[in-house]
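The values are calculated or read from the model by the stated rules, or taken from the named source; none is laboratory data. These numbers were taken from a predicted model, which means no experiment stands behind them. Because the Cβ atoms are built from the backbone with ideal geometry, glycine has one as well, and the counts that use them run over all protein chains shown.
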Amino acid sequence: MTKESLITLEDIKKNHKVKILIDKADKNLESLGYTEHGHRHVSWVAKNAGRIMRKLGYEERRAQLAEIAGYLHDIGNAINRVGHESTGALLAKDILLEMGMPFEEVVEIMAAIGNHHEESGYPVSDIAAALIIADKADVHRTRVRPQNRTPYALSVDIHDRVNYASTLSRIEVDPSSRIITYNIEIDINISPVFEYFEIFLNRLIIARKAAIVLNSELHLYINGLRMA
């Protein structure tokens, strides 16, 4: 495409380069021992980022841009885990411009991708905030790769153990109170709740900042009890 176009998530999903990047990113992270970061993860993040925006009353196009940012946020892992947020933003720029997206929208998505990682990012916009909240909520046993679900593998890797113990992970949005809730069920026979905080605390901190940007409040419930 040469003319500027209204690019949607469905267009992104059909892009062959995007598919290759997501597949390669997930394969790279598998070799490093990370949980699943492939099409399941990015689809889940994209869906929830858009849903958060719509529930809170943001314009439809802003919600669509949050979906696209969510789908593309981890493609930088195709190059290297270190700095994947920055390289991912640059990779996304080239693809989106090639597809004909207006540069103003491309910059919004670049900023969201470039700021989604808890170690270096900040919710610089509503799109970035929705992406962060969606991304940090994805803790679930389906993220644990099949070869890592054995008792021994779970005993040696806390990330796999916490994710495998998480039998439910849901984002709930109350538009009237503007409360965003992480609702998580953890099987304490597999992992104590404390271990969730051991690996997710920094992610919860940036997600809480993101909720403020959306003029909202973040709550966390684990096994029916409010934790934050």
query: Taking the stated definitions as given, is Tyr196 over 29 Å from Glu59 (Cα atoms), in contact (Cβ under 8 Å) with a residue 40 or more places away in the chain and touching a helix residue (DSSP H, G or I) at 6+ places or on another chain (Cβ under 8 Å)?
result: yes
- prompt: Yes or no: Glu104 out of contact with any Gly (no Cβ under 6 Å at 6 or more places or on another chain), in a helix (DSSP H, G or I), surrounded by fewer than 22 Cβ atoms within 10 Å (Cβ to Cβ) and free of Cβ contacts under 8 Å to residues at least 24 places away in the same chain?
  reply: yes
- request: Look through Arg81, Arg40, Arg61 and report the one residue that is among the charged types (D, E, K, R) and closer than 18 Å to Glu105 by Cβ.
  value: Arg61
- prompt: Quick one: would you say Leu220 is assigned to a strand (DSSP E or B), modelled with pLDDT of 95 or more, farther than 16 Å from Asp160 by Cα and among the aliphatic types (A, V, I, L, M)?
  reply: yes
- prompt: Arg54 fails exactly one of the following numbered conditions: (1) free of Cβ contacts under 8 Å to residues at least 12 places away in the same chain; (2) more than 21 Å from Ser169 (Cα to Cα). What is the number of that condition?
  reply: (2)
- prompt: Of the residues that sit in segment 182-198 and are surrounded by 15 or more Cβ atoms within 10 Å (Cβ to Cβ) and out of contact with any Lys or Arg (no Cβ under 7 Å at 6 or more places or on another chain), which one is farthest from Leu168 (Cα to Cα)?
  reply: Phe197
- line: Pairs returned, first residue in segment 158-178 that is surrounded by fewer than 15 Cβ atoms within 10 Å (Cβ to Cβ), second residue that is in a helix (DSSP H, G or I) and charged (D, E, K, R), beta-carbon separation under 9 angstrom, 6 or more apart or interchain, are Ile158/Glu195; Ile158/Glu198; Thr167/Arg141; Asp174/Lys55; Pro175/Lys55
query: If a residue has to be assigned to a helix (DSSP H, G or I), under 19 Å from the mean Cα position of the chain (by Cα) and not acidic (Asp, Glu) to count, how many in segment 1-48 make the cut?
result: 23
message: Of everything in segment 162-172, what is closer than 11 Å to Ile199 by Cα and either among the charged types (D, E, K, R) or under 15 Å from the mean Cα position of the chain (by Cα) (or both)? Give them in sequence order.
response: Asn163
query: Within segment 82-100, can one find any residue that is crowded, with 21+ Cβ neighbours inside 10 Å and over 16 Å from the mean Cα position of the chain (by Cα)?
result: yes
- request: Taking Ala128 as the residue in question, decide whether it is under 30 Å from Leu91 (Cα atoms), buried (at least 18 other Cβ atoms within 10 Å of the Cβ) and touching a Pro at 6+ places or on another chain (Cβ under 6 Å).
  value: no
